[in-house]
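Beneath this line is the structure, given in structure tokens, with notes to follow.
The values are calculated or read from the model by the stated rules, or taken from the named source; none is laboratory data. All values reported here derive from a predicted model rather than from experimental measurement. Because the Cβ atoms are built from the backbone with ideal geometry, glycine has one as well, and the counts that use them run over all protein chains shown.
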Amino acid sequence: MIGDHLSEFGGLPVFEYVSPAGMASPTERYDRRPAPDALAQLAALRTVRDYAWRLGVDSYEPEEDFREYFASFVEAAETTEVRAMVIGPADSSEAQEPGTPARDALVEHAAAFTGLKSLFIGDIIAEEQEISWIHQPDLAPVLAALPGLTEFAVRGTGDPYMHEKSRLGLDIGRHDALRSLTVESGGLPAGIARGIDAAELPALEELELWLGVDDYRGDTAPADLARTLSGEAFPKLNRLGLRNAEDTDLWVRALADAPVVRRIRTLDLSMGTLTDEGAQVLLDAPGFRGLRRLDLHHHFMSEEMEDRVRGAFAEAGVEIGVGDRQKQDGEWRYPAVTE
């Protein structure tokens, strides 16, 4: 899930860019990838629109300044043809504001990327850094600088104990083109959720939030997404993901009477902690039967309840995913992505 770097994004295969300086000194790389191939990169740059371009430096001991590295890509590529981009580490994980160089480079060069539609920030895997230690700055300026962006995803919201100046911000305001928004986290702070909930995103069709655990500032509650759950916030929303939740049952109860459930086609509650109690709410509330797809993968239902849920929703014509049943560890239940 977060154990491998993205191999595809925005419907395109990922190709990692290596700067001229990186080509000149191909030392062993932080993720043990093959040495850069200059001829393969040259060929890819000739058809730049066919790839999602990954840009990142060594998160342990970066040998290049990210902004200079990014500028070399701007010089090498026909940037107006770039349709998708994936940003990896932009500085040492020990830096005071490790996500800021990527934010600043994207804003500085935004005018060059007129065709950019899909952007992922934070393609950093667990081997490099735990998800709850990935520090992101205020990224609202990136969205403001890229008004044509239709897909935006970010991994990491900041360490609750370190990097006071590096905490994710997503007070987006208004963005007319964005159709898909994803925030992957080990703990989603309520302030970030409220910023998203207050945004004006008239084109938004897909919203995916990894809620995470309270120990990593995952204190988002249903009240923080009141406009979203009421259906008021995003008139075109058809897929809602409230994934990786520490208390999925709480969210199921909040969704049982939520108007948004009657409007969306897909509800994704996977990677969470759903128990028999929450599953019974799913069975009792008629609104859930109107979905086209319900994803409950990684759950804590009993085998008997899993069978009941599968049968009831299949009978209602809902595509249902209920695999990966977990066993409770004493009194504890853990979502899929945490530490």
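A Cβ distance below 6 Å, combined with a sequence gap of six or more or placement on separate chains, defines the contacts here; from the stretch 172-184, residues that are over 17 Å from L209 (Cβ atoms) reach residues that are assigned to a strand (DSSP E or B) in the pairs R174/E200. Could you say whether any residue in the stretch 75-85 is in a loop (DSSP other than H, G, I, E, B), within 20 Å of the chain's Cα centre (by Cα) and in contact (Cβ under 8 Å) with a residue 40 or more places away in the chain? Yes: one or more hits.
Looking only at the stretch 94-125, count how many residues are touching a residue at least 60 places away in the same chain (Cβ under 8 Å) and touching a helix residue (DSSP H, G or I) at 6+ places or on another chain (Cβ under 7 Å). Give the derivation first.
So in the stretch 94-125, the residues touching a residue at least 60 places away in the same chain (Cβ under 8 Å) come out as 96-100, 115, 117-118, 120, 122-125.
Okay, now just the ones that are also touching a helix residue (DSSP H, G or I) at 6+ places or on another chain (Cβ under 7 Å), so 115.
Here the count works out to 1.
Of all positions in the stretch 90-100, none carries a residue that is at pLDDT 90 or above and at positive phi.
Could you tell me whether A285 is surrounded by fewer than 24 Cβ atoms within 10 Å (Cβ to Cβ) and within 27 Å of G173 (Cβ to Cβ)? Answer is no for this residue. Annotation note: Cβ proximity below 6 Å between a residue of the stretch 207-222 that is under 17 Å from A254 (Cα atoms) and a residue that is of a type in the set (V, I, T) and in a strand (DSSP E or B) (sequence gap 6+ or interchain) occurs for E208/T182; L209/V183. The set of residues from the stretch 47-69 being within 24 Å of the chain's Cα centre (by Cα), at pLDDT below 95 and of a type in the set (D, E) comprises just one member, D58.
Residue-by-condition table, conditions (1) outside any loop (DSSP other than H, G, I, E, B); (2) modelled with pLDDT of 95 or more; (3) under 15 Å from the mean Cα position of the chain (by Cα):
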site	(1), (2), (3)
R103	yes, yes, no
A111	yes, yes, no
T114	no, yes, no
A144	yes, yes, no
A153	yes, yes, yes
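For the stretch 52-72, check the following and say yes or no: at least one residue is part of a loop (DSSP other than H, G, I, E, B), closer than 23 Å to P101 by Cβ and touching a Leu at 6+ places or on another chain (Cβ under 9 Å). Give the derivation first.
So in the stretch 52-72, the residues part of a loop (DSSP other than H, G, I, E, B) come out as 56-65.
With closer than 23 Å to P101 by Cβ added as a condition, the list becomes 56-65.
From what's left, touching a Leu at 6+ places or on another chain (Cβ under 9 Å): none.
The answer is no, given that none of the residues of the stretch 52-72 is part of a loop (DSSP other than H, G, I, E, B), closer than 23 Å to P101 by Cβ and touching a Leu at 6+ places or on another chain (Cβ under 9 Å).
In the set (1) of a type in the set (D, E, K, R); (2) at pLDDT 95 or above; (3) surrounded by fewer than 17 Cβ atoms within 10 Å (Cβ to Cβ), the condition left unmet by D171 is number (2). When the residues of the stretch 116-125 are filtered to those that are surrounded by fewer than 24 Cβ atoms within 10 Å (Cβ to Cβ) and among the aliphatic types (A, V, I, L, M), the one that is modelled with the lowest pLDDT is I125.
Have a look at M271, M301 and point out the one that is more than 23 Å from the chain's Cα centre (by Cα), closer than 26 Å to D214 by Cβ and buried (at least 17 other Cβ atoms within 10 Å of the Cβ). Outline the logic, then answer.
Numbers: M271 fails: more than 23 Å from the chain's Cα centre (by Cα).
When all the criteria are applied, what remains is M301.
Quick check on the stretch 214-261: of everything there that is modelled with pLDDT under 95 and not acidic (D, E), which residue is surrounded by the most Cβ atoms within 10 Å (Cβ to Cβ)? By that ranking, first place goes to G218.
When the criteria are applied in full, E130 fails the requirement of being crowded, with 20+ Cβ neighbours inside 10 Å and acidic (D, E).
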